[in-house]
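Structure record follows, encoded as structure tokens.
We did not get these values from a lab; they are worked out from the coordinates using the rules stated. Keep in mind the model is a prediction, meaning the values are calculated, not measured. Glycine gets a Cβ as well: all are built from the backbone with ideal geometry, and neighbour counts include every protein chain shown.
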Ligand SMILES: NC(=O)c1ccc[n+]([C@@H]2O[C@H](COP(=O)([O-])OP(=O)(O)OC[C@H]3O[C@@H](n4cnc5c(N)ncnc54)[C@H](OP(=O)(O)O)[C@@H]3O)[C@@H](O)[C@H]2O)c1
């Protein structure tokens, strides 16, 4: 059985990956989808040509991994593509977010870093030499971001981990693509808080385009997928300009 597995499939880019994977990978038997909102995953079934197997649960808790892992053991599928899209961000200073809730920032680390690592670890033994891993990092990974400190740091982890894992796996034929979009119009901002940075508002992209680019880049086995000229320029800027200067500019923008 050939499958794709997608976390964060109940909305935004994860859901869009599920929709587009059915067109990109025509010979899949099933797509395995993970998220907490089961009703959303069930609704997605009606839109997909390929049958969906639903794993409804919280990736910061153990149960959903047990179910996913035992299904892998039972069916021993050939996982052609793993998309780690589950993630969330919260904007505000470290102190402000801490005063909103003790666990918000550590949950961000758990979901954005730990869950992605765990899903990769569990799935990798079921991937053959055509396998592809797509990890949702962010343009926030390119340099530190005051008022988005923990989120940007989690995405730096995703980018660094993906690049190193990709290098390790290259001889085995499995590719890893880190997707680094700027702001994308999804439910992300309902959770993170509305955008205040005017530059970010100007560069808002649409999920279908970002996902299409990511799937094309993954097909070409690219290590990095950056959608749009603005974000490509941001990446170059973060490489060329000292981070201390970028931090000063960011401080001025959020004042
Ligand atoms: N939108 C942006 O501007 C942007 C830019 C760069 C990178 N990203 C990254 O892209 C990825 C997808 O984000 P998006 O924009 O598509 O946001 P989204 O629409 O809010 O989707 C987030 C997904 O993660 C799932 N999720 C959240 N908490 C979870 C948990 N504890 N356990 C299991 N699943 C959980 C959500 O499903 P449930 O709520 O049903 O569990 C949802 O399916 C994220 O990693 C995000 O950091 C987003």
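For the chain, calculate the relative contact order in percent as a whole number, restricting contacts to Cα pairs under 8 Å that are 6 or more residues apart.
With pairs under 8 Å counted, the relative contact order is 18 percent.
Just need the relative contact order of segment 66-190 here, percent rounded to a whole number, with Cα pairs under 8 Å and 6+ apart.
Computed over segment 66-190, the figure is 29 percent.
What is the angle, in °, between the Cα long axis of helix 63-75 and the longest principal axis of the Cα atoms in the chain? Nearest 10 is fine, range 0 to 90.
Its long axis makes an angle of about 40 degrees.
Note the angle between two axes, namely the Cα long axis of helix 229-240 and the longest principal axis of the Cα atoms of the chain, as a number of degrees from 0 to 90, rounded to the nearest 10.
Tilt of helix 229-240: around 70 degrees.
Distance between the C-alpha centers of segment 16-60 and segment 154-228? Whole Å please.
19
Please compute, for the alpha-carbon atoms of segment 3-139, the extent along each of the three principal axes and give them in descending order in Å.
Sorted largest first, the three principal extents are 49, 29, 28 Å.
Any idea what angle helix 243-254 forms with the longest principal axis of the chain, computed on alpha-carbon atoms, 0 to 90 degrees, nearest 10?
80
What FRET efficiency, computed as 1/(1 + (r/R0)^6) with R0 = 25 Å and r the Cβ-Cβ distance, is obtained for residue 40 and residue 94, rounded to the nearest 0.05?
Result of the calculation: an efficiency of 0.20.
Can you give the log10 of the normalised intensity I(q)/I(0) at q = 0.12, 0.13, 0.15 Å⁻¹, computed with Debye over equal Cα scatterers of segment 2-254?
-0.67, -0.79, -1.06
Simple spin-label model, 7 Å along Cα-to-Cβ: residue 2 to residue 245 in nm?
4.9
Hey, for a label at residue 78 modelled as a point 7 Å past Cα toward Cβ, could you say which residues of segment 115-150 have their backbone N under 15 Å away?
126-132
Under 17 Å from a point 7 Å along the Cα-to-Cβ line of residue 191: which residues of segment 122-153 have their amide N that close?
135-141, 148-153
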